[in-house]
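Just so you know, all these numbers are worked out from the coordinates, no wet-lab data involved. Quick caveat, the model's predicted, so the values are computed rather than measured. All Cβ positions, glycine included, derive from the backbone under ideal geometry; neighbour counts span all protein chains shown.
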Ligand SMILES: C[S@@+](CC[C@H](N)C(=O)[O-])C[C@H]1O[C@@H](n2cnc3c(N)ncnc32)[C@H](O)[C@@H]1O
């Protein structure tokens, strides 16, 4: 385990947390344009003896564009409200907690938690998949912790959620947002949940947020005998809708 020794590349006064799933947003906008173009250029498509009116594709175009806009709004505004909700759901903060942010990306949850700490420490782990978040790399996470003034209370590590190096019972609070679904097989997602349960201290809380597979995660924690509670998504601030699972050990 080590803390990367990277330093910020440029003086930066405002942290930037990136756009989530930028490729998906781009595809939704391209899809919208493609669906809208068909009725403009080919209002009637003839297949055999059948004339097909393509104007209905405007609905598909609108759906794609709306999806792209809502995802963008989440990245630009909603995710900060969602972060605050997750931190509130973690319970009362004493300031001395050991916190882990699994899949920290550019540090959204890690930095939010660090601001609540006095003697505690927030650790962020990630493997920095480029497609999951724009500008997703350790340097941008480092720039953000410096810009937000929490360098002394944070640590950034290159670690996989499925195989963490931490000792059992290491963290009082574990946070993870939009991460575990990026593990594309069920067994891997289960491994990540088992790792979270392993490194969570007895008496600690994990706040797990994602837009799919949430019942699967809950089942894994339930089977371990941990106390779980699902909180439905706030549809005004998250898109895709992000449910939150609270796990108490
Ligand atoms: C959509 S981003 C969310 C980042 C951050 N949690 C946030 O809310 O801003 C998903 C993050 O999960 C990370 N990730 C994906 N699979 C991972 C794994 N197996 N272990 C650790 N991090 C992972 C990606 O690199 C990416 O930074």
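Some notes on this structure:
- Given their separation in residues at 0.36 nm each and the Cα-Cα distance between them, residue 59 and residue 80 gain 4.5 nm when the chain is fully extended.
- Fraction of C-alpha pairs exceeding 22 angstrom in the chain: 57 percent, rounded to a whole number.
- Value in Å of the Kirkwood radius, where the range 148-218 supplies the Cα pairs that are averaged: 13.1
- Relative contact order, percent, the range 79-248 [alpha-carbon distance under 8 Å, six or more residues apart]: 21
- The range 15-106: relative contact order as a whole-number percent, Cα under 8 Å and 6+ apart: 34
- Segments 169-177, 13-21 sorted - mean Cβ within 10 Å per residue, highest first: 169-177, 13-21
- Listed peptides 31-40, 132-141 by packing density, highest first (mean Cβ within 10 Å): 132-141, 31-40
- Reducing the range 49-112 and the range 159-198 to their Cα centroids gives an inter-centroid distance of 20 Å.
- The base-10 log of I(q)/I(0) for the range 78-153, evaluated at q = 0.16 Å⁻¹, reads -0.55 [Debye formula, identical scatterers on Cα atoms, solvent excluded].
- Choice from 194, 89, 57 with maximal GNM fluctuation in the chain (Cα, 10 Å cutoff): 57
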